[in-house]
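Single-structure report; data block below.
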Amino acid sequence: MLPLTNDIVFFDLEATGLNIVQDRIVQVGFVKLFADGRPAEELEMKINPTVPVSAEAAAIHGMTNEDLKDEPVFAEVAQQLYDFIGDADLGGYNSNRYDVPLLQEEFYRAGIYLDTANRRLIDAQQIFYRMEPRTLSAALKFYAGKTMENAHDALADVRATVDIFQGQLDKYKDAEYTDDDGNTSTPFSNMDTVAAFCQDDRFLDATRRLKKAPDGTPQFNFGKYSGQAVADVFAKDPSYLKWILSKDFSTEVKALVKAIDDQRRRG
């Protein structure tokens, strides 16, 4: 049993996107744990966001505006959700940076102030990251059972990396991995599969300035045209290509946008 001195509501939100201010909640899931040991209570509901669900968000949680058109808007359920939370502490995974502020914004728009000044905010992701740090020294200890010496010396660091990789191959040699789409693979069976496992195909360049839409179309991942197709932007604003080529973007980004524009012009 958790050592609770106050009730706590662990919760997760699905939304139209990742912008705390501009995006809206499409689903809430609450689990309330009681300090007095009563059985937990759960609350789940879908919500009509009244703004478009982004293609990226829909690809993750599977909900579209058509699916949500008959659900209540947040203002209609805000008081019910607020009453469910009551004076409880709040908890989640990446909740301090995303779920809590997003929920607060929705409450503000409904005329309700969700005060967190006197609530404990428990974020399991922060616990995970701090207790299992993603550093070279921590990885060497975990995978090779060795203590890092001469950290940040180039040769010492690369020797440590070799030991880490060998430890990873030993640890995961028969391990299966299931991706977000439910596809299962054995990524450590050979070097080709390891390389594929390390590749993040959501982005087109190393600096992550360009990304792929769900249909594979190149999109901008920065600036005023973030989320818009590169070719469409150049068609309506040719000066944007000139601006990118004149600024401090990577050679890879400049080559990619030039190739995309050339292909657009060829039709």
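When Val194, Val100 are screened for being β-branched (Val, Ile, Thr), assigned by TED's automatic domain parsing to the domain that holds Ala57 and under 26 Å from the mean Cα position of the chain (by Cα), only Val100 passes. Among the residues examined, Tyr82 does not qualify as more than 19 Å from the chain's Cα centre (by Cα) and either within 30 Å of Phe165 (Cα to Cα) or free of Cβ contacts under 8 Å to residues at least 24 places away in the same chain (or both). Which of the residues spanning the range 203-253 are among the polar types (S, T, N, Q), surrounded by 12 or more Cβ atoms within 10 Å (Cβ to Cβ) and more than 26 Å from Pro52 (Cα to Cα)? Selection gives Thr207, Ser250. All of (1) in contact with a Phe, Trp or Tyr (Cβ under 6 Å, 6 or more places away or on another chain); (2) in contact (Cβ under 8 Å) with a residue 24 or more places away in the chain hold for Lys173 with one exception: (2).
Do we have Asp115 as at pLDDT below 95 and either buried (at least 17 other Cβ atoms within 10 Å of the Cβ) or not assigned by TED's automatic domain parsing to the domain that holds Gln27 (or both) here? Here the answer is no, as Asp115 does not meet what is asked. Would a scan of the range 150-159 turn up a residue that is over 30 Å from Ala57 (Cα atoms), among the β-branched types (Val, Ile, Thr), within 28 Å of the chain's Cα centre (by Cα) and assigned to a helix (DSSP H, G or I)? Looking through the range 150-159, none of the residues is over 30 Å from Ala57 (Cα atoms), among the β-branched types (Val, Ile, Thr), within 28 Å of the chain's Cα centre (by Cα) and assigned to a helix (DSSP H, G or I). Quickly run through the range 249-267 and pick out the residues that are over 15 Å from Arg208 (Cβ atoms) and in a loop (DSSP other than H, G, I, E, B). Selection gives Gly267 alone. Condition first: over 21 Å from Gly17 (Cα atoms), out of contact with any Asp or Glu (no Cβ under 6 Å at 6 or more places or on another chain), modelled with pLDDT under 90 and not in a loop (DSSP other than H, G, I, E, B). Can you find one or more residues in the range 198-208 that meet it? Yes, there is a match, as at least one residue in the range 198-208 is over 21 Å from Gly17 (Cα atoms), out of contact with any Asp or Glu (no Cβ under 6 Å at 6 or more places or on another chain), modelled with pLDDT under 90 and not in a loop (DSSP other than H, G, I, E, B). Within the range 216-236, the set of residues being in a loop (DSSP other than H, G, I, E, B), closer than 18 Å to Arg264 by Cβ and either assigned by TED's automatic domain parsing to the domain that holds Asp180 or free of Cβ contacts under 8 Å to residues at least 12 places away in the same chain (or both) comprises Gly216, Gln228. Only residues that are under 15 Å from the mean Cα position of the chain (by Cα), in contact (Cβ under 8 Å) with a residue 24 or more places away in the chain and within 23 Å of Lys224 (Cα to Cα): list them for the range 13-24, please. If the condition is that a residue be under 15 Å from the mean Cα position of the chain (by Cα), in contact (Cβ under 8 Å) with a residue 24 or more places away in the chain and within 23 Å of Lys224 (Cα to Cα), then Ala15, Thr16, Gly17, Leu18, Ile20, Asp23 are the ones that fit.
Considering only residues that are of a type in the set (A, V, I, L, M) and part of a helix (DSSP H, G or I), look in the range 160-177 and name the one that is surrounded by the fewest Cβ atoms within 10 Å (Cβ to Cβ). Checking each candidate, the answer is Val162.
The values are calculated or read from the model by the stated rules, or taken from the named source; none is laboratory data. Source: prediction; values computed, not measured. Neighbour counts run over all protein chains shown; Cβ positions are idealised from the backbone, glycine included.
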